[in-house]
Amino acid sequence: MPQDREGPLLKAIKEAVIDFDTDNIAALCSEYLSLGLDANKAVFEGLISGMLKVGRLYEEQVYFIPEMLMCAETLYKGLELFQPHMTTSIQNANGKILIGVVEGDVHDVGKNLVKMMFQISGYEVDDLGRDVPMNVFLKTALEKDYDLICMSSMMSTTMYEMKGLIKKLKENKPYLKVMIGGSPVTKLHAIKWQADGYAPDAQKALAVVQQLLNTVKLIEEQRKQRL
């Protein structure tokens, strides 16, 4: 039965990403697809799950930039095979997102994983990178028409930059949705700083974004009805 092979194949795909096994990833993905199994599940529970583990290995200084790049190459090789088979509900996710790491912080592995998940799901993402000055973040967010602003910090000494940035964003665009994250950031910070969303890790960030952007869509529909 195909279902009997699903679990072992998902595990093998995940481990291929972690082990940057570019030689075998295509064969594993092709076998998975030949059994008629869910491509979305393979991407999120296989490829992405493996890359999240890679991110943790990087933070623990087990992996470094060369290993990260080889793991990413393996992931994208698998993604190229799976994307044509992903369901339209995932591929046609609607929304424009601005993402970046606040000023003073050069840790961008978590941000890159979040961005990757958004892009795979079909969202349009503009990435400001790391160590982004507040005026650059603010200027970009206000000049362009974004549905959501995502900011992160991996350092307790820089995360308070988000508080001031959220305040300025809300003063200029009260209905603009903002999500924050990063290892020192908590849900309590998000509440105190009046962020609209909070995600403790890349995996949960996607669900939060989907919820926030559905709210944006509902508000916009209600606004049009009143016109």
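The values are calculated or read from the model by the stated rules, or taken from the named source; none is laboratory data. No experiment lies behind these values; they were computed from the predicted model shown. Reconstructed Cβ throughout: ideal geometry from the backbone, glycine too, with neighbour counts over all protein chains shown.
Quick notes on this one:
- Subset of region 108-118 that is under 18 Å from Leu69 (Cα atoms) and of a type outside the set (A, V, I, L, M) - its residue that is surrounded by the most Cβ atoms within 10 Å (Cβ to Cβ): Lys111
- Every condition in (1) in contact (Cβ under 8 Å) with a residue 24 or more places away in the chain; (2) under 18 Å from Arg5 (Cβ atoms); (3) surrounded by fewer than 17 Cβ atoms within 10 Å (Cβ to Cβ) is met by Val43 except one, and the failing one is (3).
- Residue within region 170-180 that is modelled with pLDDT under 95, assigned to a strand (DSSP E or B) and either under 25 Å from Ala72 (Cβ atoms) or assigned by TED's automatic domain parsing to the domain that holds Gly197 (or both) present: yes
- Boolean, Gln3 is assigned to a helix (DSSP H, G or I) and either of a type in the set (S, T, N, Q) or assigned by TED's automatic domain parsing to the domain that holds Asp131 (or both): yes
- Scanning region 215-225 turns up no residue that is of a type outside the set (Val, Ile, Thr), free of Cβ contacts under 8 Å to residues at least 40 places away in the same chain, surrounded by 15 or more Cβ atoms within 10 Å (Cβ to Cβ) and not in a loop (DSSP other than H, G, I, E, B).
- Just one of the listed residues (Leu138, Leu188) is surrounded by fewer than 21 Cβ atoms within 10 Å (Cβ to Cβ), touching a Lys or Arg at 6+ places or on another chain (Cβ under 9 Å) and not in a loop (DSSP other than H, G, I, E, B), and it is Leu138.
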